[in-house]
Structure formats: C-alpha cells, structure tokens
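**Q** Attaching a single structure in structure tokens format; questions to follow.
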Amino acid sequence: MADFSNVSRTIDMNGPNESKRDWERMAEGWKKWHAKFSRQSSEATKAILDLAQVKEGMTVLDLACGSGEPSLSIARAVGPRGRVVATDIAPGMLKIAETNARDEGLSNIEFKPANAEAIPFPDGSYDAVTCRFGLMFFPNPEKAMGEIRRVLKIGGVVALVTWGPIEKNPRFTTTAAIVEKYRRMSKVEERASDADVFRFAEIGSMTKILSEARFGEISEKQIIVPWIWDGSVEEQFKSFSEMSAPFRKLYSEVNRGCQQKITAEILAAMGEYYDGRRVNFTAVINTAAAKKIVK
Ligand SMILES: C[S@@+](CC[C@H](N)C(=O)[O-])C[C@H]1O[C@@H](n2cnc3c(N)ncnc32)[C@H](O)[C@@H]1O
C-alpha cells in the first residue's frame, strides 16, 4: 500500500494572496477544460444542488466558483425569477465563468470578486450559499463560516462539497501521490501549511466548524461518485496539471531530471482505469449542509 501520509500536507496553498495568485495562473487551464471537467464533476454538482435544496426563484451565493460550477447549474435551476451571485477570489477565474454564462445565454447570474472570508454583501441576503471544492483553500475557514452565516437569511441553507481521503481518490493517487514520492526523494524541505486539499477529508470536520459557527440541522456524509474523464490518460493528466494549483506547485518542487520518469509513472497508473475511450475514475467526496436557524 502506498504511503499517502505526507501528500495532504504538501498539496497546499498558503494565505489568500498566494492562493489568489496561484489560482489566477491556472485560469487558462480552467477555460480550456471547463466543458469536460463540468461533465467529469457533474455528480458533485448534482449533490450540492440537492443539499442546498435549490428551487425556482431562489437567491443563491456561490463561493469560489472557479470557471462556473456549480454557479451555472444553479442559475439554470433557479430560473428567470431567481438570481445567482457567483464569486471567486481570482478575477481571471471569474472572467471565464462570466464568458461561460454569456455563451449559454444565462441572464440571472452576476459575477463579483470576493474573498470568502470577507464577503462583500449585506447581512441576511441569500436563501442559500454553496461552495464546491473551495472550503479547504480558505486559510481561515472558520471565518468564512461566520461570513456565510451572516449573509444567509434565517432558514437559509449552506451546502459544501470537499474531497474525501486521498487514498480513496484515484485522481490524486495516480498523480499527486506519485509526485510526492519523488519530491521526498529530492529532499525538498517540508512547508508549513495552513490549507490543504484534504483538510476536510475526515467525516465530522465540516460538522465541527458548522456547529462552532452556530449552524443548526447539520448533516455531513461521504459519497462515492463517478469521475469519468471522456478522453485519453494523456489528456486527463494534462487537464489535471493545467487546472490544479496545488499540484502545479508540488510538481515544480521535484527535480526536473525526474519529470519524464514521473509522467510515465502517472500515465501507467492512470492506464489501469482506461478502457480505450475514457478514464473511469470514481471519486469519494464529502458533503455537508446546515441551516441558519436563529439570528
Ligand atoms: C478547486 S477550485 C473550485 C472551483 C469550482 N467551485 C469547482 O468546483 O469547479 C478552487 C477555487 O477557490 C478559489 N479560492 C481560493 N481561495 C479563495 C478565497 N479565499 N475566497 C474565494 N475563493 C477562493 C480559487 O480561486 C479557485 O477558483
């Protein structure tokens, strides 16, 4: 069994400014792969829409929207009487999300740059707040929870999706875990981290910060979903390396001389999931929902 103990600590992002800059650099990749990645992650989108109980006419805030999911799916679901505010700390990401919305002809969605730890909107303005694969990148997720609660109406719902454990996610075992093995061989010094991809991988970790922020009716569970890449292993690896800011950072830390060997190892590992047309990954994700019950 491979040792994943160190990977979660090294796939990290430090502080909002660094995080913003690092994600900004990935914007082109998100633009290029948006359609395919939206299909690959469609079950995670469905899960967050269900958790947020998205219905026609609702006003929803999506945090850390990246290239536009789940914001765009929510905009379709709330319809013309509803409204979505899609936000992200990286303006480059938001621009892509905005172009994607325009291409689809969606007119009930607006885009605003926002740090989830200092949400620039008034108290009690949303029926639901969603955040898919964003929470783990906030240096102070407790602060973000307080902000989310503040901008929700009484009775409003927060819905969150994060990654489950690395060892249950071939997307990472076939990539980051292999790079980490080489990184350790190159004896790169450990970095202290205040945010990492698997920070909320343990069931109960989101419940803890939700209850500390005085949310009620908290539910949290781990689910397994298809995570199919409709293309070759080479393309899956290329898209992953062009979209994942933490992976890019990790990869840049290994000895350049090893990179060809690493790529070959990654492609061979992904090959185990390839059926000649698609890379048949599954993903284990954690989902949580809670309500603002009192002021
Ligand atoms: C893995 S992407 C997720 C994008 C999208 N929600 C999805 O599920 O495809 C993480 C996003 O979090 C954003 N982000 C990182 N730190 C943030 C912060 N403090 N506030 C708001 N967004 C942040 C990044 O710019 C990036 O777009």
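The numbers here are math on the coordinates, done by the rules we state, and not lab data. No experiment lies behind these values; they were computed from the predicted model shown. Cβ: placed from backbone, ideal geometry, glycine included. Neighbour counts: every protein chain shown.
**Q** Less than 10 Å Cβ to Cβ from R132, Lys/Arg counted +1 and Asp/Glu -1: what total charge do the surrounding residues give? Display every interim value, and only then the final one.
**A** Numbers: positive: none; negative: D62, E69.
For residues surrounding R132, the net value is -2.
**Q** Next up: Can you give the convex hull volume per residue for the Cα atoms of the chain, as a whole number of Å³?
**A** On the way: hull volume 34.4 nm³, N = 295.
Cα-based convex hull of the chain, divided per residue, equals 117 Å³.
**Q** A further question on this structure: Separation between the N108 and R278 pseudo-spin-labels, each 7 Å from Cα along Cα→Cβ, expressed in nm?
**A** 3.0
**Q** Taking every DSSP beta bridge with both residues inside the chain, roughly what % is antiparallel (nearest 5)? Don't jump to the answer; show the numbers that get you there.
**A** Values: 21 of 40 bridges.
About 50 percent, rounded to the nearest 5.
**Q** Given R₀ = 35 Å, what would the calculated FRET efficiency be for R184 paired with T99, taking r from the Cβ atoms and rounding to 0.05? Walk me through the intermediate numbers first.
**A** Values: r = 40 Å, r/R0 = 1.14.
E(calc), rounded to 0.05, equals 0.30.
**Q** Could you pull out every residue, at least 5 positions away or on a different chain, whose amide H is within less than 5 Å of the one on S125? Hs are placed 1.01 Å off N in the peptide plane, and Pro or chain starts have none.
**A** When sequence neighbours closer than 5 places are left aside, the close amide H contacts are L152, K153.
**Q** State the answer as a single residue: which of F172, S244, S73 lies farthest towards the positive end of the charge dipole of the chain, with beta carbon charges of +1 for Lys and Arg and -1 for Asp and Glu, about the Cα centre.
**A** So the residue we want is S73.
**Q** When the chain is fully extended, how far beyond the present Cα-Cα distance does Q259 get from E235, taking 0.36 nm per residue of separation? Could you put the intermediate results ahead of the total?
**A** Working: separation 24, 0.36 × 24 = 8.64 nm, distance 1.69 nm.
The Q259-E235 span can extend by a further 7.0 nm.
**Q** Okay, moving on. Compute the FRET efficiency between K208 and A35 as 1/(1 + (r/R0)^6), taking r as their Cβ-Cβ distance and R0 = 45 Å, and round to the nearest 0.05.
**A** Numbers: r = 36 Å, r/R0 = 0.80.
Efficiency at R0 = 45 Å is approximately 0.80.
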